[in-house]
1. Since B:LEU303 meets every condition but one in (1) within 12 Å of another protein chain (Cβ to nearest Cβ); (2) surrounded by fewer than 22 Cβ atoms within 10 Å (Cβ to Cβ), which condition does it not meet?
2. Just one of (1) away from chain A (no Cβ under 14 Å); (2) modelled with pLDDT of 90 or more; (3) in a helix (DSSP H, G or I); (4) within 24 Å of B:VAL265 (Cβ to Cβ) trips up B:LEU185, so point out which.
3. Counting only residues that are without any contact (Cβ under 8 Å) to a residue 40 or more places away in the chain and within 31 Å of the chain's Cα centre (by Cα), which one in the range B:291-315 is nearest to B:LEU100 (Cα to Cα)?
4. Could you figure out which of (1) touching a Lys or Arg at 6+ places or on another chain (Cβ under 9 Å); (2) away from every other protein chain (no Cβ under 13 Å) isn't true of B:ASN271?
5. Please state which of the following conditions B:ARG320 fails to meet, knowing it meets all the rest: (1) within 24 Å of A:PHE149 (Cα to Cα); (2) within 14 Å of chain A (Cβ to nearest Cβ).
6. Filter the range B:281-300 down to residues that are within 12 Å of chain A (Cβ to nearest Cβ) and surrounded by 14 or more Cβ atoms within 10 Å (Cβ to Cβ), then give me how many there are.
7. Restricting the range B:32-68 to residues that are over 22 Å from B:GLN119 (Cα atoms) and among the hydrophobic types (A, V, I, L, M, F, W, C), which is surrounded by the fewest Cβ atoms within 10 Å (Cβ to Cβ)?
8. Mind checking which strands (runs of 3 or more DSSP E) fall wholly inside the range B:1-76 and carry at least 1 residues that are among the acidic types (Asp, Glu) and modelled with pLDDT of 90 or more?
Amino acid sequence: MNSVPLALYAAALIAYAWHFARRSPGVGLTATTVLVAAALAHTFVIGMQTMEAGHVPITSTTPFISTFVWLLALAYLYLEMSTNERAMGVFILPLLVALQTIPALNPGVEERSAVLQGPLFSLHVSSLLFAYASFALACVIGITYVLLFKEIKAKHLGFFYARLPSLQVLDRMNQWMIAIGWVFLTIGIIVGLMFAAQVRALPSAAVDPRVQAMSLGDPKIFVALVCWAVYSFETFGARRLGWGGRRTAYLSALGFAIVLLNFVPISYFLTRSHDF
Amino acid sequence: MHILVVGLSHRTAPVELRERVDFQGRVESALRALAARGSTDEAVVLSTCNRAELYAACQDASRARADLAGFMSEFHGVDRKALAPHVYDLQDLDAARHLLRVAAGLDSLVVGEPQILGQVKEAHTLATGAQTVGPILNRLFHASFAAGKRVRTETGLSSGAVSVSFAAVSLARKIFGDLSGRSVLVIGAGEMGKLTAQHMKSQGVQRVTIVSRTMAHALHTAEAIGGAGAVPWEELDAVLCASDIVITATGAGSTILTKAHVEAVMRPRRNQPLFIIDIAVPRDVEAAAGEIEQVFLYNIDDLQATVQENLARRASEVLRAEAIVAEEVSRFSQWLRSRGAVPTVVALRQKFENIRRAELERLDFKLSSLPTEARPEARACVDEITRLLVEKLLLTPTEQLKALGDQDTLAAHAEALTRLFGLSPSPDGERETVRASADPEDPPTGREPSRRVEFFRPKSKPSSGSGR
């Protein structure tokens, strides 16, 4: 079922690339329409999985990635519609297509073990989903900032100069996305700590190796805290040190690289506490 | 009906002459004077800084051509012989193509300049207000609007700044986005600095400050810009720190801002972007200052290179723009050709309608055998059936005739139809032609019906027999 949204995301990527190259308003509208169709198809898929599992598919890594892609698509659509700016699409869509390939090739099974119950767990996961989606957008905006910055600095006003919004607009969008992401990441980590304390008190915790592994020594938890440190520095420290513009854009890219590292390889192969 | 353009432009006439034949501010009176002369059926006056053109639709092209050139000379009081070498005239599709190229910015002094489309629209609006636009020029001008819009959206003909001061403004917008709320510092009181600052001011910058070694010069420049402030040279560092855009144009012959100087300014600014436009020769700002993070330094050569790149990019888009113009001219030409078929179509329909009505009258006698109450219903039924029958019979011939490719083939077909069906145009044929040829999707001309009759005088016909 995840193949249909994947095909539509891929079609939207082609349309956004075409729009970016030719700047035709008609193609831009088509690109947005295809992306809306992809998001709707994805909503249907997630809705079906929710009905099947009895809860939103976020407790296993693969369905979690699918839900993240869906949320990122919605967040991007919101950003596009609120700023009336389509130039970012060509940078966001490759990420959506790449990540959606994972659930499309390996749908995975949405299982919910006894420990993954309760509102704290749902709040923990959904907060982190929002945080990661915001960081993904910040990363893409940061990359486009650097591309435009380099063109203006090098005095070769070409491809990106003609297509991207101003440096100031990109910088503000980046700051905004980082701030939103940081709030959700902080909530997600605090609620995660509360949830870990809660499940440790359960009778089944003694025999569940995942609960036993819920500590700073677990790669997933450790890297999440590193992420938080990077984004906290970007939110509160960098600009006070005069690290505006390009440096914060690089930090956004670095932060999201760590998020992706935590999101795919660590989730699949290294974590013991989040091995669901 | 012919289309004609008579005029002069920057390509054919020097500015001294263009100034003398400028219609701006007197377009309505020119349109009224043209209509009164009677040599044209429709007229539009297009007058800009770079061109003065009269567009007309007329029956007799050679008469109208001579009259329009004479009108231009008489209206402006310019000797006709002095004007003649600079005036060009184009007819029919050449005239149509010319207007579409003008609206697309292809005939402009700076290729792709965007103001011309608005000026063409304004010319059409004025002529519509003066009721000198009929179906031909109305359609032609709307075709030019479509061509202009398509060229702007589908090509890069109008993209990029093509003057140094606009290039500077364009760069500032790309760095800061909206310029309102930004502060501009002009170092030096030269003409170029003043001009660039004026462009910045027109973009809504919050504050313009002039710094000059001579306070009197700074005050004078600030006054010339309007709404700008002037500060003494000693306060340069403080103002520099609070500015987002710096324009240096001192002509001092030595460096005014060194890298170390700019670095020192950037620290209290917390590395907020600083755009320095150095338009002085020799340069006022040390080139190494451009290496500082968040400092964007452009000198006069950099800006001129940007302008040249933009001009080259526009030139590379000309072929695509010409292709769009050719498409729109072809579409207009097809519409124009289809108009040629209208008199025959009208006569053919009239002939069929006459036959139908005659037969319905004969039917009345036959219907008298029916009961009185059944007669109206039976007649209405037969009327409806025969009307639909005639419509269906004539649909294909009408479409085929309108779609014919060239005037010779159309004339041959029209002649054949006239002979086969014994067609003869009505005395009102020409006016009918105009009404029938106006497609439902044609843009409104804004002309009063009474005026339409006056403008479209019936041609003298060899046969005056009415088909009715």
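The values are calculated or read from the model by the stated rules, or taken from the named source; none is laboratory data. Quick caveat, the model's predicted, so the values are computed rather than measured. FYI the Cβ positions are ideal-geometry reconstructions off the backbone, even for glycines, and counts take in every protein chain you see.
1. (2)
2. Exception for B:LEU185: condition (3).
3. Ranking the candidates gives B:ALA312 first.
4. Exception for B:ASN271: condition (2).
5. (1)
6. 9
7. Of everything passing the filter in the range B:32-68, B:ALA36 is surrounded by the fewest Cβ atoms within 10 Å (Cβ to Cβ).
8. It comes to B:42-47, B:51-58.
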